[in-house]
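Okay, so here's the structure we're looking at.
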């Protein structure tokens, strides 16, 4: 007897959770109160910062040293972050920051995987991978800068149940 799948599809069904324009002079966009999602994707487009710095993604508002990632850029540089409080994305530019980060295993208490990430600013772009070793399901995603936002661009959060 053959095994068959009834109903559904084999692909992920991404749903928009929220999309916002960062408030001027703020340092973070926080998506809170998330119900369990298998995957989450934060996407940013046209972000302009008040000063040259990276944008970062932090999970569960965790300020412990639980995030780490690996970066490969178009300039040929490769690097990795030691365990930090967030994943850094970008080249420290101010204008037209664009990118995304896809995180897998968000609905369990084990390690979460930064499955895929991309960031571009000015003429520099990079590809990112990594993991987060927090021990709870993901209920908050924060898009953060050490500068401030200028109320330009959008940040969106998508999820797969």
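Observations on the structure shown:
- Gaussian network model of the chain, springs between alpha carbon atoms under 10 Å - residue of 14, 44, 87 with greatest fluctuation: 14
- You can think of it this way: the chain between residue 109 and residue 63 has 14.8 nm of extra reach, that is 0.36 nm per residue less the Cα-Cα gap.
- Extension gain, residue 78 back to residue 118 (0.36 nm per residue minus Cα-Cα distance, nm): 13.0 nm
- Spin-label model, residue 96 to residue 127: label points 7 Å out along the Cα-to-beta-carbon direction sit 2.2 nm apart.
- For Rg and Dmax of the Cα atoms in Å, calculated from these coordinates, the label among [x] 16.2, 64; [y] 25.3, 97; [z] 16.8, 60: [x]
- Global form of the stretch 103-148, assessed from the alpha-carbon gyration tensor, a/c cut-off 1.5: oblate
- Cα gyration tensor shape for the stretch 30-122, rounded if a/c is under 1.5, else prolate or oblate: prolate
- Fully extending the segment from residue 23 to residue 140, taken as 0.36 nm per residue of separation minus the present Cα-Cα distance, adds 40.3 nm.
Any read-out appearing in this document is the output of simple, stated calculations on the displayed coordinates, not a laboratory observation. The shown structure was predicted, so the numbers you read here are calculated from the model rather than taken from an experiment. Glycine also receives a Cβ, built like all others from the backbone with ideal geometry; neighbour counts cover every protein chain displayed.
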